[in-house]
Amino acid sequence: MSALFFLQFLFQGLFVFGQEASTVPSIHQLIQSQTDDIFDSLVKIRRDLHKHPEVSEQEEKTSKKIQEYLLSLGLEVKTNIGGYGVVGILKGAKEGKRIAWRADIDAMPSDVPDVVDFKSENKGVRHICGHDVHTTIGMGIANVLASQKENLQGTIYFVFQPAEENYKGARAMINDGLFDLIQPEEIYALHISPLPTGLIATKPGPLYAYLNRIDIKYKISDKDKDTLINYTKNLLSSYQNVEKDSKFWDVKNTLDPKVGLANPNTIFKNYLTLLQDFSIQESEGEVTISSLINSSDQQQLNALIKDVEAEIRTSRYAEDLLSVAYSYEKDILFNDEKLAPEALNHIANIYGAETAVLLHGVTPGYFGDDFAYFQEKLPGVYFFLGGSNYENGIISMPHTPNFAVDEECIRTGVNYFSSMMVERLND
Ligand SMILES: [Zn+2]
Ligand SMILES: [Zn+2]
């Protein structure tokens with residue numbers, strides 16, 4: 001054997017060895033093949049949940065199904081937390097970080113006919129907000145990560161939360177000692193959205209607009225009441241920075257590449273606007289003028305109340321003014337400033353930059369999620385999961401009559417977020 005031939009042989013050998021080494025699948029490839037293996041069974045689970053929806057605080061059967069599934073995966077399971085809440089605990093082979101995944105499980109009262117073949121069999125109740133999909137994805141991630149238990153360093157908690165629609169379930173679980181049972185350091189969740197299937201999106205800070213109700217109260221004097229009411233309406237309206245007939249008011253525009261939430265120059269940021277007409281109430285010599293206010297920014301709302309009061313104090317109604325106050329303030333989602341971009345990056349690195357969209361704007365309207373209460377306890381990130389398939393006429397806009405879901409988004413959700421959770425454990 002000549003020296004040259006020997007070297008060639010050696011390099012060939014190394015080359016072949018190198019190839020073999022690279023064919024050992026990564027944990028993310030194992031995640032994807034496990035997701036593919038269980039995908040059909042997940043679709044069956046989703047359709048079963050869809051056919052048997054249960055409203056907030058009555059999720060008894062749903063809860064039972066989740067419990068049985070988690071037990072079948074070998075997880076430690078806690079039940080009846082804050083109502084029908086269920087927690088599954090998956091311990092990796094090695095000690096490490098503790099992170100939580102939350103899925104909401106309730107359906108809604110709805111008489112709108114179902115648009116799918118696997119229609120709701122519970123009259124007047126429908127999964128019109130996609131929590132059947134959220135539940136299924138939570139179960140799918142539990143399955144996929146349980147299959148990788150030997151490769152996991154740390155603990156993952158699966159929190160299946162009841163009663164999201166009435167904004168009670170998260171608080172109920174917390175008040176029932178959820179964080180005595182488990183001590184996660186980070187928490188994550190998703191909501192189906194009208195984005196196309198294959199995409200997920202989020203941003204640091206708020207995702208949904210702040211929603212407050214302002215009440216301006218006067219004692220009724222001998223001044224003309226209608227003039228007072230008009231003055232107050234005009235004053236409040238003057239703080240709006242969104243035109244009444246602008247693109248802002250068409251929800252479809254939130255997805256527009258030019259003005260929508262994903263564009264850095266989106267029209268859906270830095271806004272303060274009145275969400276509905278004024279209501280006027282009179283009782284015992286007092287008149288209260290109220291309106292709902294939507295804003296992308298808590299500071300604008302804090303400033304508004306002071307500015308409105310200061311302005312009225314300089315007007316001819318100064319001595320009639322009793323109070324300017326918010327009578328309703330919704331706790332809103334607030335994504336951790338550091339974790340949100342990190343989590344997006346994990347997914348972009350594994351599944352492609354185009355799959356993980358950084359948003360810039362804040363969705364206006366009445367939206368919210370009581371995941372906010374978990375985020376008040378620990379850092380967390382809430383994602384939008386694309387569920388639409390425009391070519392097939394499937395638009396995943398929650399709470400709309402034709403709400404439907406491209407079930408491929410179950411695969412996306414299980415893959416992306418299983419991978420992300422692994423990366424978070426390793427971080
Ligand atoms: Zn909903
Ligand atoms: Zn929902």
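Bear in mind these aren't lab numbers, they're just calculated from the coordinates by the rules spelled out. Nothing here was measured: the structure is a model prediction, and the numbers come from that model. Neighbour counts are summed over all protein chains in view; Cβ atoms, including those assigned to glycine, are modelled from backbone coordinates with ideal geometry.
Among 358, 145, 321, which one shows the highest mean-square fluctuation when the chain is modelled as a Gaussian network with alpha-carbon springs under 10 Å?
Answer for the Gaussian network model of the chain: 321.
So how far, in whole Å, is the C-alpha centre of the range 249-269 from the one of the range 388-427?
20 Å
Each residue of the range 98-104 in order: what ³J(HN,Hα) in whole Hz does its phi give by Karplus 6.51 cos²θ - 1.76 cosθ + 1.60, θ = phi - 60°, with x for Gly and Pro?
Values per residue, Gly and Pro as x: 10, 10, 10, 10, 10, 10, 8 Hz.
I want the local charge near residue 259. Using Cβ-Cβ distances under 15 Å, sum +1 for each Lys or Arg and -1 for each Asp or Glu among the other residues.
Working: positive: 247, 252, 258, 269; negative: 243, 245, 250, 256.
Net charge around residue 259: 0.
When the convex hull of the C-alpha atoms of the range 210-329 is computed, what volume per residue in Å³ does it have?
Numbers: hull volume 12.4 nm³, N = 120.
So the per-residue hull volume is 103 Å³.
How large is Rg/Rh for the chain, to two decimals, with Cα atoms and a Kirkwood Rh? It would help to have the intermediate numbers written out before the result.
Details: Rg = 25.7 Å, Rh = 23.8 Å.
Reported Rg/Rh, Kirkwood definition of Rh: 1.08.
Could you identify which residue out of 368, 352, 83 has the top mean-square fluctuation in a GNM of the chain using Cα springs shorter than 10 Å?
Among 368, 352, 83, the largest mean-square fluctuation in the Gaussian network model of the chain belongs to 352.
For residue 188, what is the net charge nearby, where nearby means another residue's Cβ is under 11 Å from its Cβ and Lys, Arg count +1, Asp, Glu -1?
Numbers: positive: 102, 424; negative: 186, 336.
Net charge around residue 188: 0.
What is the sum of charges around residue 244, taking Lys and Arg as +1, Asp and Glu as -1, for the other residues whose C-beta is under 15 Å from the C-beta of residue 244? Working shown, then result.
On the way: positive: 233, 247; negative: 243, 245, 250, 277.
Every neighbour counted, the sum reads -2.
Select from the chain the helices, each a whole stretch of DSSP H, whose alpha-carbon atoms run 15 Å or more along the helix axis and whose Kyte-Doolittle mean is at least 0.5; answer none if there are none.
Going by DSSP H runs, the hits are 3-22, 131-147.
Over 17 Å, how big is the tail of the calculated P(r) for the range 65-149, in percent of all Cα pairs? Could you put the intermediate results ahead of the total?
Numbers: 1972 of 3570 pairs.
When every Cα pair of the range 65-149 is considered, 55 percent fall beyond 17 Å.
Report, in whole Å, the centroid distance computed from the Cα atoms of the range 48-73 and the range 199-242.
About 41 Å separates the Cα centre of the range 48-73 from the one of the range 199-242.
Distance check, please: which entries in 44/338; 233/377; 217/244; 225/247; 123/217 exceed 32 angstrom between their Cα atoms?
44/338; 233/377; 225/247; 123/217
Which residues' amide hydrogens lie under 5 Å from the amide hydrogen of residue 399, considering only partners 5 or more residues apart or on another chain, with H built in the peptide plane?
Residues meeting the criterion, in which the H sits 1.01 Å from N, are 129.
If you average the alpha carbon positions of the range 81-157 and of the range 292-361, how far apart do those two centres end up, in angstrom?
That distance is 29 Å.
Each residue of the range 80-95 in order: what ³J(HN,Hα) in whole Hz does its phi give by Karplus 6.51 cos²θ - 1.76 cosθ + 1.60, θ = phi - 60°, with x for Gly and Pro?
Calculated HN-Hα couplings, in order: 6, 9, x, x, 8, x, 10, 10, x, 10, 10, 9, x, 4, 10, 5 Hz.
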